[in-house]
Structures are given as C-alpha cells and as structure tokens.
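Derivation of every value follows stated rules applied to the coordinates shown; laboratory data play no part. None of the values given here were measured: they were computed from a predicted structure. Cβ sites come from the backbone with ideal geometry, for glycine too, and all protein chains shown count toward neighbours.
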Amino acid sequence: MKLLTAAIPCYNSAEYMRHAIDTLLSGGDDMEIIIVNDGSKDDTEKIGLEYQEKYPSIVRVISQENGGHGEAVNTGLANATGLYFKVVDSDDWVSEKALSEILAKLKELIADGNSPDLFLANYVYEKVGAKRKKVIHYNRALPKNQIFTWDDIMHFKQSQNILMHSAIYRTKLIKDCGLKLPKHTFYVDNIFVYQPLPYVKTMYYMDVNLYRYFIGRDDQSVNEKIMIKRIDQQLRVTKIMIESHNLAQIKSKKLRNYMIKYLSMMMAICSVFLIKEGSDESIAKKEALWEYLKNYDKWLYKRIRSHILGRSMNLPGKFGRRVVEVGYAITRKIYGFN
C-alpha cells in the first residue's frame, strides 16, 4: 500500500500542472499521484499520460466528463489506495523538503502504532507581486510534534482555520464518513475539510511549510470579482456545511466551538460579498441566508450571531455595510488572501 495519495484535479491545466506533479514526485515510491483530467480541452490529459508512462508505479491519469473541482476530488478519493490522502490543486505545489520530512514522520508514527486521523502542516500564500510570503502556521493553536486530541487544542487566531491546504486525512476516515462533494460547485474545499472533523479522534501537527498556495491569476476562483459573481455557489457550500452536522450534539466542547467559528467565517464571507455587490437582490440574499440559518437551527444561529463576525455582518444600514467593507479590506491586507 502507498503511504500518501495526492489527487490533482486538473481542468485546462497544461500551462502549470507540471510543477505540481514534479514536486510530488520527489516523494518517490511512497507516493500515489492521481491526475484527474476533468474534461480539459487543452493538453492536460496528454501531459498526464506522459508522466504516467514515465512513472507507472506512481502516477495514474483518470479522465472524466467535466464535473467541477468537487467531482474531481471525489474521483481522486474513490480511486485512492494510499493510507493518507491529500488534494493538491494543479496550479499549486509542495515543498519537496517538507514533503520528505512529513513522509518520514508518517512512517515513524505508523511503525509505533500511533498514526493519526489527521496530519497537519503549514501552508504559504505564493501571491503574485508580494514581497513577503505569508505563512499560515498553527503555533499556539495546536500542540507540536505529538499525537493530540480535540481536547488538547488551544486558541485559533482568525487566520488559522484548518483548510484543505494544511490537511492530510487518513483515507479510510474520509471514505467511511461518506464525504461527497457537489458537482459544478466552487469553494467545496471548505466542505472537504469541515465535514470529516467530528470523525477525527487523533491529530499530529508538524511545523513545516508544505503547501504552496499560488494566488494572483485573474481567473482564479478566489479572485474577488469572481467570488462575487459566484456567490450562489458560496451560499450553497455554506448551507451544505450547516446541514452536515448537529453541532449541539458534538461532545467535545473545543471541537464544537471550533466548528461554530468555522461556520461563522463562512457566513461572514457570504455576507461580505453580498454587501459588496450591493444590489437589492444581493442584500435580500444576505437576509435570506441568516433567516435560513435561524429557521434550520436556532441554537446554532444564536451562537454564530453572537460571534464577533456574526455581529459585524448584521449591523444596520449604510454604516453597517461600511464597517463590513473596511473590516474586509483590513483583513485582506493582513492575511494576503485574494
């Protein structure tokens, strides 16, 4: 059995996918690399098959009709044989040094009978034009270099949410929890990392900068104008996350609070972009989202509404909207996203 499966969802990725593949190949025979060609119209499949022919014991190409990022992840997961599973987007890459260290640590943990359900590492914003690369780490949020549980986690800063970039899940866990991402929907990485959390019993955090998150292309899904254009998909993802668990029944208080905080962030993102779009229709969608949450789960609504993000998203009138936009601009500058 392979140690780590890396799924690379590819759609018209010929221009940049080689970098992602090459960095993952540095892991050698411990790696299984599944290139999912999601209905590309360029040379994506051809490039993938070149790698498959050259590295037949490591690389596999699976071509399918276009189903979107989530369906490509679904395909990668369904075909994964590695003990652990990670998604690497085709325009991103990994640090070869950090990958080597993580593979060695996973082998050590497995040999000791302590392999965790979720392995975490840092990620880096590789933002076009940025003089300094923003590293998202989990210092003072997670114990380092030891197996730990949800009861051991500490305080997460607003920038320290566990994202797809930082997560390496045990493959069996995410298969067994029934994870299935929606087709033709962006921003499903939030579902991918959020839905399995209550099934995770043990974790391990290594303070190394593994994932390099490229950001800055005009056509990227996290581009602000595109996020506003695709707000209905963001709303869909947020509702799926809300419906995935009854958080009042989560036994671990720290896990429950973390998941509430995560949903608060999702509600805030939706609200911010609807407010920034500014039309009567968008403001109505924002109000409808909060009303949906209230009707679906009053317990959760009260807790998200009382969270600082929830309070700021619901200040009345033009003053409230201005507070939201200023807060968003400051946060964007600090953390370097989109």
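Seen against the Cα atoms of the chain and their longest principal axis, helix 253-277 is set at about 70 degrees. Amide H contacts of I153 (H built 1.01 Å from N, in plane; Pro and chain starts excluded): no residue 5 or more places away or on another chain comes under 5 Å.
Below 8 Å, C-alpha to C-alpha, sequence gap of six or more: please give me the relative contact order for the chain in percent. Mind showing how you got there, number by number?
On the way: 590 pairs, mean separation 55.1, N = 338.
So the answer I get is 16 percent.
Spin-label model, N114 to K294: label points 7 Å out along the Cα-to-beta-carbon direction sit 4.9 nm apart.
So how many Å³ per residue does the convex hull of the Cα atoms of region 4-215 work out to?
Numbers: hull volume 25.1 nm³, N = 212.
Taking the convex hull of the Cα positions in region 4-215, it is 118 Å³ per residue.
Cross-link reach is defined here as a Cα-Cα straight distance under 12 Å, omitting same-chain residues fewer than 8 places apart; for K286 the aspartates and glutamates meeting it are D232, E277. Within the straight-line cut-off of under 16 Å between alpha carbons, the lysines reachable from K253 are K201, K261, sequence neighbours fewer than 8 places apart in one chain being disregarded. Helix 317-335 and the longest principal axis of the C-alpha atoms of the chain enclose an angle of approximately 30°.
Between the Cα long axis of helix 231-244 and the first principal axis of the chain there is an angle of about 80°, rounded to the nearest 10.
Need the full-extension length gain, R18 to V128, defined as separation in residues times 0.36 nm minus the C-alpha distance. One decimal, nm.
Result for the pair: 37.7 nm of gain on full extension.
The phi torsions of region 27-32, fed into the Karplus equation with coefficients 6.51, -1.76 and 1.60 and a -60° offset, translate into couplings of x, x, 6, 6, 9, 10 Hz, rounded to whole numbers, with Gly and Pro shown as x.
Taking a straight Cα-Cα cut-off under 19 Å and skipping sequence neighbours fewer than 8 places away in the same chain, the lysines within cross-link reach of K54 are K2, K46.
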